[in-house]
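Input: a single structure, listed below in structure tokens.
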Amino acid sequence: MIDERRAAGEKVGQLLLLGSASLDLVQRASESLAGRVAHLEMLPITVSEATSARISIDRLWLRGGFPESLTAATDALSLAWRQDFVRSYLERDVPMFAPRLPAAMIGRLWTMLANAQGAMINAAHLAQGLGVSAPMITRFIDLLVDLLLVRRLQPWSGNLNKRLMRAPKI
């Protein structure tokens, strides 16, 4: 659409908003619109937004920041939405990008990472719990980072002469 309008003489003000974090779309947009594309990360509903909408912090903490989950009529409906969200990622999106990876194992790893959030990654410990190798865990985490399901916080050190680096956090 944008390319057609540019060819017709409209040079500025062309915006295409995509509501997806699909790796295919991100990759194609980066290749075809190099220098003309920006990625905007839409954060979940924050505490200040929730309180201004008269939603309690406890409710935000329990249901999460996705609007469909947060504004569900009951806690049961909110939980069902979140379970469907996780299931759709594991059954549809993960096999699309990594067809030979078992979705159930990725789901268990995702749960383990959620329980250890903010801690340094110990791939050997996670691998032992899942019965795979540590390099395999690193590949699985890379996939989850690429799918924007987890964030990896790289270690920071003030001494650039040191080679020893701490493990990243999830």
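Please arrange 52, 133, 69 by how many other C-beta atoms lie within 10 Å of their C-beta, fewest to most.
Taking fewest neighbouring Cβ atoms as first place, the list is 52, 133, 69.
Short version: ³J(HN,Hα) in whole Hz for each residue of segment 43-50, in order, from phi by Karplus 6.51 cos²θ - 1.76 cosθ + 1.60 (θ = phi - 60°), x for Gly and Pro, what are they?
Result, ordered by residue: 6, x, 5, 8, 4, 5, 5, 5 Hz.
Could you list the residues of segment 91-127 with an amide nitrogen less than 17 Å from a label point located 7 Å from the Cα of residue 138 in the Cα-to-C-beta direction?
120-127
Subtracting the Cα-Cα distance from 0.36 nm times the residue separation, let me have the gained length for residue 152 to residue 51 in nm, one decimal.
This chain segment gains 33.5 nm when fully extended.
Relative to the Cα centre, what is the charge dipole magnitude of segment 84-164, using +1 at the beta carbon of each Lys and Arg, -1 at the beta carbon of each Asp and Glu, and rounding to the nearest 20 debye?
So the dipole magnitude of segment 84-164 works out to roughly 280 debye.
Could you give each residue of segment 128-142 its phi-based ³J(HN,Hα) in whole Hz, using Karplus coefficients 6.51, -1.76, 1.60 with θ = phi - 60°, and x for Gly or Pro?
Each residue's phi maps through the Karplus curve to give 4, x, 9, x, 10, 7, 4, x, 5, 4, 4, 5, 4, 5, 4 Hz.
Each value in this text was obtained by applying a stated rule to the coordinates, not by laboratory testing. Since this is a predicted model, take the numbers as computed values, not measurements. Glycine also receives a Cβ, built like all others from the backbone with ideal geometry; neighbour counts cover every protein chain displayed.
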